[in-house]
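Asker: My questions will all concern the structure given below.
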Amino acid sequence: PNVADDRALLLLSICFQMTFSWDNRVNQFALLAYATALVAGLPRSKLSSSDYASGKEILHVHVGKTAGASVEAFLVANRIGHTQVHVGSGAARVHRLLKWHKHVLVALRDPADRVVSAFNWRHTQGGGNVNRPRRTRAFENELYKCFPTVTSFAMSFVNGTGRCNDLAEESVEPTSASSYVHIGMGYRHYFGARVLALLERRVRSGEAKLYAVPTGPAILSKVLSMCARIGIPLRAPSLKHVNANYLRHAEIVESAEAMRALRQRLGFEYEVLDKLHTLAIESGPA
């Protein structure tokens, strides 16, 4: 095809991408700028690092309480074109977007530690997220009335009974009504069986690469390594921990028995985590 045909195809592709990126203003402006440049006939080399091409089609799957907000802030600070999937429909949206992205980025954290952090983050007394949606408010009020501490919550998986135990069980299920809160929106919420099957096909065929970066001290080096592999220039090569300053931030499960029970209950999460480790080009211990 000639240059005009190539520009037309690229412009059509960009417009299609915009329909899936409406919730990300960085993507919105980057795509519009790139489309304008194509129409004007400007060479891609004259575009800034905020254009869609320099983002190399990154899909950021932001699993709650895995330092995903910190990674997202890094991508925005460096004006890296990307699409973020966070909360909402989860796996359905990831499945829809996978075929349009060459690079998939997800932060990995031990699932039990993630649930502990999510429990503390959403707590009605001393939590970090005070803007809770109306649809989850009643559920969370009842949950936290049952479990004033994260230790009492984890103990419900040891010897819980009655309505409170039902609430705890429901809160960790990715397909339940409570999955609108961070506790139930773990790796299975975003990487269901269909998503994992599609991701594996694309990774094995070379159509996509998965970067699974571990939450913790190594996260910055892994994100920088990903950028180096893709060839993305950086403006601010640092990563700040956000959403960490709230009263219950450091609360932990004080019972080893309860923590073991919680990990056992989250067995499906560890299965997904293992699969992501297997498929990842960049990974590390979660």
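The values are calculated or read from the model by the stated rules, or taken from the named source; none is laboratory data. Keep in mind that what you see is a predicted model, and the values were worked out from it rather than measured. Because the Cβ atoms are built from the backbone with ideal geometry, glycine has one as well, and the counts that use them run over all protein chains shown. Quick note on the areas: whole protein, heavy atoms, side chains included, nothing else; ligands and nucleic acids left out. Shrake-Rupley method; radii C 1.70, N 1.55, O 1.52, S 1.80 Å.
Asker: Give me the 1.4 Å probe accessible area per residue for region 224-286, excluding ligands and nucleic acids, in Å². Walk me through the intermediate numbers first.
Answerer: On the way: 3770 Å² over 63 residues.
Roughly 60 Å² per residue, with all protein chains present.
Asker: Taking the Cα-to-Cβ direction at Glu271 and at Glu142 and moving 7 Å from each Cα, how far apart do the two end points lie in nm?
Answerer: Output for this residue pair reads 2.8 nm.
Asker: Structure shown: which of Lys102/Lys222; Lys65/Lys222; Lys65/Lys209 lie over 21 Å apart, alpha-carbon to alpha-carbon? Present the calculation step by step, with values, prior to reporting the outcome.
Answerer: Numbers: Lys102/Lys222 18 Å; Lys65/Lys222 18 Å; Lys65/Lys209 23 Å.
In this structure, Lys65/Lys209 lie more than 21 Å apart at Cα.
Asker: From the phi of every residue in region 76-90, what ³J(HN,Hα) in whole Hz does the Karplus formula 6.51 cos²θ - 1.76 cosθ + 1.60 yield, where θ is phi - 60° and glycine or proline is x?
Answerer: With the stated coefficients, region 76-90 comes to 5, 4, 9, 6, 8, x, 6, 10, 9, 10, 8, 6, x, 6, x Hz.
Asker: What FRET efficiency do you get for Lys240 and Ile281 if R0 is 30 Å and r is their Cβ-Cβ distance, rounded to the nearest 0.05?
Answerer: Details: r = 25 Å, r/R0 = 0.84.
So the FRET efficiency works out to roughly 0.75.
Asker: Decide, for region 178-260, between rounded, prolate and oblate: order the square roots of the alpha carbon gyration tensor eigenvalues as a ≥ b ≥ c, take rounded if a/c falls under 1.5, and otherwise choose prolate if a/b is larger than b/c, else oblate.
Answerer: Verdict is oblate for region 178-260.
Asker: What is region 145-213's relative contact order, in percent, from Cα pairs under 8 angstrom and six or more apart in sequence? Don't skip to the answer; put the middle values down first.
Answerer: Values: 41 pairs, mean separation 9.8, N = 69.
Relative CO of region 145-213 lands at 14 percent.
Asker: Turning to a different aspect of this structure: Using the Cα centre of region 144-286 as the reference point, and only Cβ charges (+1 on K/R, -1 on D/E), how large is the resulting charge dipole? Debye, rounded to the nearest 20.
Answerer: Dipole magnitude for region 144-286 comes out near 580 debye.
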